[in-house]
Amino acid sequence: MDLTERTLSSREVFHGRIVRLRVDEVALPNGKTAKREVIDHPGGVCILALDEQNRAAVVRQYRYAFGRVMTELPAGKLEPGEEPFATAQRELAEEVGATAAEWTDLGALIPSPGCYAETLHMYLARGLSFRAPHPDEDEFLEASFVPLAELAEQCLDGRIQDAKTVAAVLKARAMGY
């Protein structure tokens, strides 16, 4: 069975600084039509940066959409024309003040395929060197280091709920880190 939905029309409802919302009319596999609301996002990265003691860099920041401070891996969105690896290097320097000698691609994550057109690229960074962080002017966060085993426990018991953090941490643990 062909499960493909085909776009019949598309209407932009909102175009913001980061996301764009469109409403599409689609032809369903059974011949009927339906509406699909899609949020287009440029994509992003997250970095599991491990120091020499196998501690992971994490950042705490207020997430307005959820009305609370959350603990996450350093992360950020792709700038126009920027490759994901360059974004990862930039974000690690901005949020943690670190550069890494060794990088491992942990693959990509599609956080919410029902309506959110975003792909997150995950990286493992090791061999860290430090200087002062320089977050974006509208970004307020606290960086710290947590033992990777403890961070994995927090992902498993629900204290960490951020999808990109959970995926990258548990993937790295499954790979033997």
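Tabulated results
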read-out	value
Some residue of the stretch 136-150 being in a helix (DSSP H, G or I), in contact with a strand residue (DSSP E or B) (Cβ under 9 Å, 6 or more places away or on another chain) and touching a residue at least 12 places away in the same chain (Cβ under 8 Å)	yes
Matching option when the condition is loosely packed, with under 13 Cβ neighbours inside 10 Å, outside the structural domain of Gly114 (by TED's automatic domain parsing) and either part of a strand (DSSP E or B) or without any contact (Cβ under 8 Å) to a residue 24 or more places away in the chain (or both), among Arg11, Arg36	Arg11
Tally of residues being closer than 22 Å to Arg68 by Cα, without any contact (Cβ under 8 Å) to a residue 40 or more places away in the chain and outside any helix (DSSP H, G or I) across the stretch 160-177	0
Test for Arg60: is it surrounded by 10 or more Cβ atoms within 10 Å (Cβ to Cβ), at pLDDT 95 or above, assigned by TED's automatic domain parsing to the domain that holds Cys155 and in a strand (DSSP E or B)	yes
Residue among Glu83, Glu79 that alone is acidic (Asp, Glu), under 24 Å from Thr165 (Cβ atoms) and free of Cβ contacts under 8 Å to residues at least 24 places away in the same chain	Glu83
Some residue of the stretch 76-88 being buried (at least 18 other Cβ atoms within 10 Å of the Cβ), more than 30 Å from Arg36 (Cβ to Cβ) and modelled with pLDDT of 95 or more	yes
Any chance Asp162 is among the charged types (D, E, K, R) and surrounded by fewer than 14 Cβ atoms within 10 Å (Cβ to Cβ)	no
Single unsatisfied condition, Ala98 versus (1) buried (at least 19 other Cβ atoms within 10 Å of the Cβ); (2) within 16 Å of the chain's Cα centre (by Cα)	(2)
The stretch 54-99, residues that are charged (D, E, K, R) and either over 20 Å from Val19 (Cα atoms) or out of contact with any His (no Cβ under 9 Å at 6 or more places or on another chain) (or both)	Arg55, Arg60, Arg63, Arg68, Glu72, Glu79, Glu82, Glu83, Arg90, Glu91, Glu94, Glu95
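For (1) surrounded by fewer than 18 Cβ atoms within 10 Å (Cβ to Cβ); (2) among the β-branched types (Val, Ile, Thr), each residue gets a yes or a no:
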{"position": "Asp136", "(1), (2)": "yes, no"}
{"position": "Phe140", "(1), (2)": "yes, no"}
{"position": "Phe145", "(1), (2)": "yes, no"}
{"position": "Leu148", "(1), (2)": "no, no"}
{"position": "Leu156", "(1), (2)": "yes, no"}
{"position": "Val166", "(1), (2)": "no, yes"}
{"position": "Lys171", "(1), (2)": "yes, no"}
{"position": "Ala174", "(1), (2)": "yes, no"}
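The values are calculated or read from the model by the stated rules, or taken from the named source; none is laboratory data. Since we're looking at a predicted model, the values are computed, not measured. Every residue, glycine among them, receives a Cβ derived from its backbone with ideal geometry; neighbour counts consider all protein chains shown.
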